[in-house]
Amino acid sequence: GGDGEMANSLGFFVQSAYLQSQLAMAYYDVRDYDSAHEHFLALSEREPYRLDHMDAFSNVLYVKDQKVALSHLAHRSVTVDKYRPETCIIVGNYYSSKGRHEKAVQYFQRALKLDRTYLSAWTLLGHEYIEMKNTAAAIEAYRRAVDISDRE
């Protein structure tokens, strides 16, 4: 029943990188990190130079505490394009996973310099400020995230 059948009927469709990324993001959005991980992994193996949605993949790796995979993704992203906001998020997550919160903040702020409306960058920045016990800055970052999500 259920999900198994859907996965089987979709099996041949997932030839498409576009569909694979949509599935990965759908699982990510409902917080099914194991299924999201599976699709993101397939996607990154299929398109090693891809940065689209790889910031979400880095969040999954962070949540699943896969530091080595996160390190590889960060290194690869910097090699592909270190000026993409997604790369800044990925590298920020890498530093956060190592407990280097000041460095993570630098990268999340860099992502926001490149794109002020980057919702997850504001959210992740808030999380880092919480880790650093800077409640006022965290509240401000979360407030920005809420403002953006209200506009979308």
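The values are calculated or read from the model by the stated rules, or taken from the named source; none is laboratory data. A quick note: this is a predicted structure, and the numbers were derived from the prediction, not measured. So basically every Cβ, Gly included, is an ideal-geometry build from the backbone, and we count neighbours across all protein chains shown.
Scan the stretch 66-77 and tell me whether some residue there is out of contact with any strand residue (DSSP E or B) (no Cβ under 8 Å at 6 or more places or on another chain) and over 23 Å from Tyr28 (Cα atoms). No, the stretch 66-77 has no match at all.
Is it fair to say Lys113 is more than 25 Å from Phe40 (Cα to Cα) and either at pLDDT 95 or above or not aliphatic (A, V, I, L, M) (or both)? Let's see the steps before the verdict.
On the way: more than 25 Å from Phe40 (Cα to Cα): yes; either at pLDDT 95 or above or not aliphatic (A, V, I, L, M) (or both): yes.
So Lys113 fits the description; yes.
Answer yes if at least one residue in the stretch 120-133 is among the acidic types (Asp, Glu), over 17 Å from the mean Cα position of the chain (by Cα) and within 26 Å of Asp34 (Cβ to Cβ), and no otherwise. Scanning the stretch 120-133 turns up at least one residue that is among the acidic types (Asp, Glu), over 17 Å from the mean Cα position of the chain (by Cα) and within 26 Å of Asp34 (Cβ to Cβ).
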